[in-house]
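What follows is a set of notes on a single structure, which appears directly below.
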Amino acid sequence: SQQRLWVLDQLEPGNPVYNIPLAVWLSGPLDIDALQHTVNELVARHDSLRTKIIMTDDQPMQVVQPARPQELMVVDLEHIEPADREAEAIARAKAEARKPFRLEEGPLYRASLLRFSSTEHVLVVVLHHIISDDWSVAVLFREVAELYHAFKSGRPSPLEPLPIQYADYAVWQRQQLQGDTLRQLLDYWRTRLQGVPDLDLPT
């Protein structure tokens, strides 16, 4: 899956179509320090949030970078009229979603906080699909809630260390598609497609 997304990025660098954008409206008082701590804990916990893809021996390879605290970008929008806040939040989230990622540089996620008042915020997160999917997003947001509530209360992380990382799964998947298994799959499709005329399709 990751290699397919990497190939697509090589064909059309900077195309944001594989960005996964998320925007969550947060109502009520917000402890920004606890949220900042939450983001840093998530980045340290999940290797995929510290991954970049580089070329090594003519092959794309995942490189996990060390965990470093990063400041959550807070955009102060208190000057926006209450009636215009939703439209402003949507416009800014869309603009953030359209910004491309450079797979070879990383990180392959972005997080920012739009502050409309002391009790109105929008958390905007964008992840590249090469490090995330719908299942991963559900896990991340569940962990955001658990970590934020713990840190806001002055407690340590309640989450157990991860027994496996996304890169481990990718390596396992690659190992499953080698040797006899790969040959059988390729033979099947060569047989099924034998005699099918070439399609003249635009790339």
Hey, what did the chain get for relative contact order, percent, Cα under 8 Å, at least 6 apart? 29 percent
Computed curve, the chain, Cα-only Debye sum without solvent term, log₁₀ I(q)/I(0) at 0.15 Å⁻¹, is -1.03
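For the stretch 67-135, which trypsin sites (Lys or Arg not before Pro) are in a loop by DSSP, counting at most 15 other Cβ atoms within 10 Å?
Numbers: sites: ARG85, ARG92, LYS94, ARG98, ARG102, ARG110, ARG115; in loops: ARG102.
Filter output for the stretch 67-135: ARG102.
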Angle between the chain longest axis and helix 134-152 axis [Cα atoms, degrees, rounded to 10]: 30 degrees
Report, to the nearest 10°, how far helix 179-193 tilts away from the longest principal axis of the Cα atoms in the chain, using its own Cα long axis and a range of 0 to 90°. 70 degrees
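Compute the accessible area per residue over the chain, keeping the other protein chains in place, probe 1.4 Å, unit Å². Write down the numbers at each step before the final one.
Values: 13290 Å² over 203 residues.
Each residue of the chain exposes 65 Å² on average to a 1.4 Å probe.
Can you give the convex hull volume of the alpha carbon atoms of the stretch 91-203 per residue, in Å³?
On the way: hull volume 21.7 nm³, N = 113.
About 192 Å³ per residue, rounded to a whole number.
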Tally up the carbon and sulfur contribution to the accessible surface of the chain as a whole percent, 1.4 Å probe, everything protein left in place. 55 percent
Cα axis of helix 166-176 to longest principal axis of the chain: angle in degrees, 0 to 90, nearest 10? 10 degrees
Relative contact order (percent) for the stretch 47-136, with alpha-carbon contacts under 8 angstrom and 6 or more residues of separation? 33 percent
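The values are calculated or read from the model by the stated rules, or taken from the named source; none is laboratory data. Just so it is clear, the structure is predicted and the values come from calculations on it, not from any experiment. No Cβ is skipped: glycine too gets one built from the backbone with ideal geometry, and neighbour counts run over all protein chains shown. Only protein heavy atoms, including side chains, enter the accessible area calculation; ligands, DNA and RNA are left aside. Shrake-Rupley method; radii C 1.70, N 1.55, O 1.52, S 1.80 Å.
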